[in-house]
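S.K.: Below: one structure in structure tokens.
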Amino acid sequence: MTMTHRTFAALAVSALLATPLTAFAQQMGPADGPRGPGRAEMLAKYDTNKDGKLDDTERAAIKADRFKALDKDGDGKVKRADFPAAVEAAREKARQDHELAMFDKMDTDKDGTVTAAEFAAFKPARDDDHRGHKRDGK
């Protein structure tokens with residue numbers, strides 16, 4: 001295995017491990033709860049004390065649901081063979097959420113459609129990834 005293949009493999013494994021987490025709780029903030037696409041739905045489902053934040057107990061419920069989604073046969077174990085398909089499904093959901101967030105930014109009059117003028121006028125900030133996060137990680 002060449003160095004390039006090893007680097008790619010390491011990156012792929014990192015992505016596989018991180019993707020299920022991001023798909024279930026997009027951009028979880030340490031103190032202020034989820035941000036981005038699905039924020040309202042995430043808080044409605046998991047913020048049991050309705051304080052607008054997710055505490056440790058509420059985050060534990062999210063993790064339990066993440067695991068349940070990976071545990072295809074419900075036996076309390078994630079099978080190696082099931083893991084890639086579960087990660088791919090999570091990756092697809094995250095991709096769709098990202099695309100819908102970009103669409104929502106283009107739809108400036110919020111009528112559920114993007115006109116040619118709205119499309120032409122759309123200019124993503126150079127340092128913004130369409131979800132409000134800075135590309136430099138800050």
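What follows is calculated from the coordinates using simple rules that are stated; it is not laboratory data. It should be emphasised that the depicted structure is a prediction, and the values quoted were computed from it without experimental measurement. Glycine gets a Cβ as well: all are built from the backbone with ideal geometry, and neighbour counts include every protein chain shown.
S.K.: Indicate the gyration tensor shape class of the range 42-96 (rounded, prolate or oblate), computed on the Cα atoms with a ≥ b ≥ c the square roots of the eigenvalues: a/c under 1.5 is rounded; otherwise a/b larger than b/c is prolate and the rest oblate.
M.R.: It comes out oblate by the Cα gyration axes.
S.K.: Continuing with this model, one more query. Could you go through the range 46-52 in sequence order and give the Karplus-derived ³J(HN,Hα) for each residue, using 6.51 cos²θ - 1.76 cosθ + 1.60 with θ = phi - 60°, rounded to whole Hz, and x for Gly and Pro?
M.R.: Per-residue couplings from phi come out as 10, 7, 5, 8, 6, 9, x Hz.
S.K.: Taking K and R as +1 and D and E as -1, what net charge do the other residues with C-beta under 12 Å from the C-beta of residue 110 add up to?
M.R.: That sum, taken over residues with Cβ under 12 Å, equals -4.
S.K.: Right, next: Tally Lys and Arg at +1 and Asp and Glu at -1 over the other residues with C-beta under 10 Å from the C-beta of residue 82: what net charge comes out?
M.R.: Around residue 82, the surrounding residues sum to +2.
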